[in-house]
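Reviewing the structure listed below.
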């Protein structure tokens, strides 16, 4: 059985779905691997490294698709590639199912498409396949470094002969995996950190990292809803949104750095920072909007652009931070994919015990496969919100 790897179809995407180390693991399992030439170049993995690991090199994505039974990708396949899919093939990647316009095409082609973002994160056996967590961890770390680079002052407190330099005040909005890593990184750099999240259970995590919790009043019903979301964000009431806006407005008026991470699957990112709040912020302060690619947490943010407001606040639309750490992001992503792929195979029936032949074992009743499969058996299984 052959697994294919295609090159990213975007100038803003530097990651690759499988690394040479992942290829070695798959080869030991009995797979053959073919990779599009140059697919790993932006992540510093040359074709020669893949060949040394046992992969074949193809000249185009079309060659990869026509030779492979399983096709791996970072993001959704380009439309020009999906044209060459055939019945029985499997596509695995972060397919952005809520916004994906090609699900009908995958189904019509008879392709089984797995969207890795849909992994049930509460399952213990699924944790080593969690692409969102592995990428968010790196993104939270890098977001702080991006902020430090944009900010015109240091993060830690300095005692100098010319006077004392005060530590930077950092506010993190959204304390999932990315937010927690951002808190830890900012603290390591010497900043004073405050944080807020929809989930009241995040308070203990924030304080364990040395951050201060920004408390927003929440009803008992909302608190129960927050606990039952399985680690994902949820849509709060209008009253909560108003109360949160007041807390955020006060915190941001004194902040030097703000990092927003809040996203809701299937919906535009919630607006956390409005123009009125931006107008109260200090000149030279920096906002990193990690949700810029899905609508933005910050009013006025633009994906992959940095803008400066009239009062001197810099807003960085950080739409794809993991791609800026392409080598490590690819390593972790590839490990996640290998762990998932191993759940899809079973030894094929053969009379020759010396032959290591693999067969697909697609089981939509399996709690992981069933959750990730957006198309199967010529049907779209995923219901968009």
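Using the structure shown, decide if residue 353 is at pLDDT below 95 and assigned to a loop (DSSP other than H, G, I, E, B).
Details: at pLDDT below 95: yes; assigned to a loop (DSSP other than H, G, I, E, B): yes.
Spelling it out, residue 353 is indeed at pLDDT below 95 and assigned to a loop (DSSP other than H, G, I, E, B).
Given the condition in contact with a helix residue (DSSP H, G or I) (Cβ under 7 Å, 6 or more places away or on another chain), outside any strand (DSSP E or B) and at pLDDT below 95, answer yes or no: does some residue in the range 123-131 qualify? I'd like the intermediate steps shown before the answer.
Pass one, the range 123-131, residues in contact with a helix residue (DSSP H, G or I) (Cβ under 7 Å, 6 or more places away or on another chain): 128-131.
Those still in the list that are outside any strand (DSSP E or B) too: 128-131.
Narrowing the set further to residues that are at pLDDT below 95 leaves none.
There is no residue in the range 123-131 that is in contact with a helix residue (DSSP H, G or I) (Cβ under 7 Å, 6 or more places away or on another chain), outside any strand (DSSP E or B) and at pLDDT below 95.
Is the range 171-186 home to any residue that is closer than 22 Å to residue 314 by Cβ and surrounded by fewer than 17 Cβ atoms within 10 Å (Cβ to Cβ)?
No, the range 171-186 contains no residue that is closer than 22 Å to residue 314 by Cβ and surrounded by fewer than 17 Cβ atoms within 10 Å (Cβ to Cβ).
Among the residues of the range 57-68, which ones are without any contact (Cβ under 8 Å) to a residue 60 or more places away in the chain and over 25 Å from the mean Cα position of the chain (by Cα)? Talk me through it step by step, then tell me what you get.
Just the residues of the range 57-68 that are without any contact (Cβ under 8 Å) to a residue 60 or more places away in the chain, to begin with: 57-63, 66.
Selection gives 57, 58, 59, 60, 62, 63, 66.
Considering only the range 317-349, how many residues are under 18 Å from residue 135 (Cβ atoms) and not in a helix (DSSP H, G or I)?
The qualifying residues number 4.
Looking at 321, 315, can you tell me which residue is more than 30 Å from residue 26 (Cα to Cα), at pLDDT 95 or above and crowded, with 16+ Cβ neighbours inside 10 Å? Please lay out each step first, then the result.
Values: 321 fails: more than 30 Å from residue 26 (Cα to Cα).
Criteria check complete, one pass: 315.
Going by the conditions given, is residue 76 part of a loop (DSSP other than H, G, I, E, B) and under 30 Å from residue 65 (Cα atoms)? Spell out how you get there, then give the answer.
Numbers: part of a loop (DSSP other than H, G, I, E, B): yes; under 30 Å from residue 65 (Cα atoms): yes.
The answer is yes for residue 76.
Given the conditions (1) under 17 Å from residue 323 (Cα atoms); (2) outside the structural domain of residue 371 (by TED's automatic domain parsing), and given that residue 125 satisfies all but one, which numbered condition is not satisfied?
Among (1) under 17 Å from residue 323 (Cα atoms); (2) outside the structural domain of residue 371 (by TED's automatic domain parsing), the lone unmet condition for residue 125 is (1).
Would it be correct to say that residue 76 is farther than 19 Å from residue 6 by Cβ, outside the structural domain of residue 254 (by TED's automatic domain parsing) and buried (at least 20 other Cβ atoms within 10 Å of the Cβ)? Can you show your working first?
Values: farther than 19 Å from residue 6 by Cβ: no; outside the structural domain of residue 254 (by TED's automatic domain parsing): yes; buried (at least 20 other Cβ atoms within 10 Å of the Cβ): yes.
No; evaluated as a whole, the condition is false for this residue.
Hey, residue 158 hits all of (1) in contact with a strand residue (DSSP E or B) (Cβ under 6 Å, 6 or more places away or on another chain); (2) under 30 Å from residue 281 (Cα atoms); (3) surrounded by 20 or more Cβ atoms within 10 Å (Cβ to Cβ) but one; which does it fall short on?
Every condition holds for residue 158 apart from (3).
In the range 69-86, is there at least one residue being in contact (Cβ under 8 Å) with a residue 60 or more places away in the chain and more than 25 Å from the chain's Cα centre (by Cα)?
Narrowing the range 69-86 to residues in contact (Cβ under 8 Å) with a residue 60 or more places away in the chain: 69-75, 77-78, 81.
Now drop any that are not more than 25 Å from the chain's Cα centre (by Cα), which leaves 69.
Yes, that holds for at least one residue.
Suppose we filter the range 93-120 for residues that are assigned to a strand (DSSP E or B) and either over 16 Å from the mean Cα position of the chain (by Cα) or surrounded by fewer than 22 Cβ atoms within 10 Å (Cβ to Cβ) (or both); how many remain?
Narrowing the range 93-120 to residues assigned to a strand (DSSP E or B): 93, 112-115.
Now drop any that are not either over 16 Å from the mean Cα position of the chain (by Cα) or surrounded by fewer than 22 Cβ atoms within 10 Å (Cβ to Cβ) (or both), which leaves 112-113.
The total comes to 2.
At least 2 residues that are modelled with pLDDT under 90 in each: list the helices (runs of 4 or more DSSP H) lying fully within the range 168-227 that qualify.
Numbers: elements: 177-188, 202-208, 220-227.
Once the helices (runs of 4 or more DSSP H) in the range 168-227 are filtered for at least 2 residues that are modelled with pLDDT under 90, what remains is 220-227.
Looking only at the range 139-151, count how many residues are surrounded by fewer than 22 Cβ atoms within 10 Å (Cβ to Cβ) and in contact (Cβ under 8 Å) with a residue 12 or more places away in the chain. Lay out the reasoning, then the answer.
Just the residues of the range 139-151 that are surrounded by fewer than 22 Cβ atoms within 10 Å (Cβ to Cβ), to begin with: 141, 145-146, 148-151.
Of the ones still in play, those that are also in contact (Cβ under 8 Å) with a residue 12 or more places away in the chain are 141, 145-146, 148, 150-151.
Matching residues across the range 139-151 total 6.
Conditions tested, residue by residue: (1) modelled with pLDDT of 95 or more; (2) surrounded by fewer than 18 Cβ atoms within 10 Å (Cβ to Cβ); (3) assigned to a helix (DSSP H, G or I).
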position: 4; (1), (2), (3): yes, no, no
position: 7; (1), (2), (3): no, no, no
position: 11; (1), (2), (3): no, yes, no
position: 16; (1), (2), (3): yes, no, no
position: 23; (1), (2), (3): yes, no, yes
position: 33; (1), (2), (3): yes, no, no
position: 45; (1), (2), (3): yes, no, no
position: 50; (1), (2), (3): yes, no, yes
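The values are calculated or read from the model by the stated rules, or taken from the named source; none is laboratory data. Bear in mind the structure is a predicted one, so any value in this text is a computation, not a measurement. Ideal geometry is used to build each Cβ from the backbone, glycine not excepted, and the neighbour counts take in all protein chains shown.
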